[in-house]
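Trainee: Attaching a single structure in structure tokens format; questions to follow.
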Amino acid sequence: DGYTFLIGHMGYMAAAVGLYAKLPYDPVQDFDAVVRFPDTPLVLLVGRNTGLTDVRALIARAKQNPGKLNFGNAGVGSTGHLVAALFTSTAGIEMTFVSYKGNTPAITDIIGGHIQGMFDQSNTALPQVKAQSVLALAVTSRSRLPQMPDVPTLDESGLAGFEAATWYGIYAPKGTPRAAIERMHAQYTEAMQDKNFTDRLAEDGYQLLDASTTSGTALAAHTKSEVDRWKKVIADAKIPVN
């Protein structure tokens, strides 16, 4: 149609507000939300050589050894970093965060015993869990993931109400004609009727969402809520602002 649409995710549309002092756009005011994609929750991974088998044991060890557990992430301000900060705050523990250039070297160091664990996105964590290279203690979604039915949620593991994910959505510049936005939403809805496509998403570790949470209105509300949430997490954790 000649109109511009963009794919935004939790990092650019929520966390960036807290991470950058001079962000050249306002995720809430400058865009019209169109539709929300399936999420990638995070998985709390630990090395098999840690002797940790559940979240309560991890929290207990962290309380006994403040700051001595090393948790990796894919980079400063990455989703894994922010969720780990939220986790430590919620659990009332201290851990040392080690930032890598991507999740692969962090996973490698977990397997090698150089760090104890990390929060990794479900789509990249799933192959490592299936290969039994690492141990999954919990997922950050509100309900268990069908791909890892034996892995409890953090809510089940004693952190009541804990929920987080890397989320994605389509946005349009503010003022895009409503008809163009509705056509894009209809095209997305049609694509999600393809069972082969949705089965592949599920197989790859994505969490399919109820239609009530994917509308433009729902995405707009979610974006605003997430901006406020992660801005506070970043400030409380004293994560450096660029």
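The values are calculated or read from the model by the stated rules, or taken from the named source; none is laboratory data. Everything quoted here is computed from the prediction, not taken from an experiment. Here Cβ is always computed from backbone atoms with ideal geometry, including for glycine, and neighbour counts include all displayed protein chains. These area figures cover heavy atoms from the full protein model, side chains too; ligands, DNA and RNA do not enter into them. Shrake-Rupley method; radii C 1.70, N 1.55, O 1.52, S 1.80 Å.
Trainee: Which value does Rg/Rh take for the chain over its C-alpha atoms, Rh per Kirkwood?
Mentor: Values: Rg = 18.4 Å, Rh = 18.7 Å.
Taking Rh as the inverse mean 1/r over Cα pairs, Rg/Rh reads 0.99.
Trainee: Once fully extended, how much extra length lies between Arg144 and Glu163, figured as 0.36 nm per residue of separation less the alpha-carbon to alpha-carbon distance? Intermediate values should be presented prior to the final figure.
Mentor: Numbers: separation 19, 0.36 × 19 = 6.84 nm, distance 1.12 nm.
Value of the extension gain: 5.7 nm.
Trainee: Rounded to the nearest 500 deg cm²/dmol, what is the calculated helix-only ellipticity per residue at 222 nm for the chain, with -39500 (n - 2.57) per DSSP H run of length n ≥ 4? Provide the component values of the computation, followed by the final result.
Mentor: On the way: 8 runs with 90 residues, N = 242.
Mean residue ellipticity at 222 nm (helix-derived): -11500 deg cm²/dmol.
Trainee: Still on this structure, I have one more. Taking a 1.4 Å probe, which of Tyr188, Tyr171 shows the most accessible area, and what order do the others take after it? Please list the in-between numbers first.
Mentor: Values: Tyr188 35, Tyr171 5 Å².
These residues rank, largest area first, as Tyr188, Tyr171.
Trainee: Dipole size in debye (nearest 20) for the chain around its Cα centre, Lys and Arg Cβ +1, Asp and Glu Cβ -1?
Mentor: Numbers: 21 positive and 23 negative charges, 135 e Å.
I would put it at about 640 debye.
Trainee: So with the 1.4 Å probe, I'd like the accessible area per residue for the chain, rounded to whole Å². Each step should come with its number before you reach the end.
Mentor: Working: 11790 Å² over 242 residues.
Result: 49 Å² of accessible area for each residue.
Trainee: Now, a different point. For the stretch 14-59, take the convex hull of the Cα atoms, compute a quarter of its surface area, and give me that in nm², please. Walk me through the intermediate numbers first.
Mentor: Values: hull surface 24.5 nm².
Spelled out: convex hull of the Cα atoms, projected over all directions, averaged, 6.1 nm².
Trainee: Still on this structure, I have one more. Put +1 on the Cβ of each Lys and Arg and -1 on the Cβ of each Asp and Glu in the stretch 17-140; which of Ala106, Val35, Tyr20 then has its Cα farthest toward the positive end of the dipole?
Mentor: Of Ala106, Val35, Tyr20, it is Ala106.
Trainee: Give the peptides 36-47, 109-120, 57-68 in descending order of average Cβ contacts within 10 Å, highest first. Walk me through the intermediate numbers first.
Mentor: Working: 36-47: 24.2, 109-120: 21.6, 57-68: 14.7.
Answer by packing, highest mean first, reads 36-47, 109-120, 57-68.
Trainee: Continuing with this model, one more query. Set the Förster distance to 22 Å, then compute FRET efficiency between Ile7 and Ala235 from the Cβ-Cβ distance, nearest 0.05. Don't skip to the answer; put the middle values down first.
Mentor: Values: r = 27 Å, r/R0 = 1.23.
Working from the Cβ atoms, E equals 0.20.
Trainee: Rounded to two decimal places and with Rh computed the Kirkwood way over Cα pairs, what is Rg over Rh for the stretch 1-142? Write down the numbers at each step before the final one.
Mentor: Working: Rg = 16.9 Å, Rh = 16.4 Å.
For the stretch 1-142, the value is 1.03.
Trainee: So, one more: Kindly report, to the nearest 10 Å², the accessible surface of His81 as traced by a 1.4 Å probe over protein heavy atoms only.
Mentor: Rounded to the nearest 10, that gives 10 Å².
Trainee: How big is the charge dipole of the stretch 1-83 about its Cα centre, in debye rounded to the nearest 20, if each Lys and Arg gets +1 on its Cβ and each Asp and Glu gets -1 on its Cβ? Don't skip to the end; give the middle numbers.
Mentor: Values: 7 positive and 6 negative charges, 161 e Å.
Magnitude of the dipole: close to 780 debye.
Trainee: Which value, in Å² and to the nearest 10, is the accessible area of Leu201 when all protein chains are kept and the probe is 1.4 Å?
Mentor: 30
Trainee: Checking the cross-link filter: which aspartates and glutamates have an alpha carbon closer than 19 Å to that of Lys68, excluding same-chain neighbours under 8 positions apart?
Mentor: Within the straight-line limit of under 19 Å, Lys68 reaches these aspartates and glutamates: Asp54, Glu94, Asp109.
Trainee: Stretch Leu208-Ala179 to full length: gain in nm at 0.36 nm per residue minus the Cα-Cα span? Can you show the working numbers first?
Mentor: Working: separation 29, 0.36 × 29 = 10.44 nm, distance 2.60 nm.
Computed gain between Leu208 and Ala179 is 7.8 nm.
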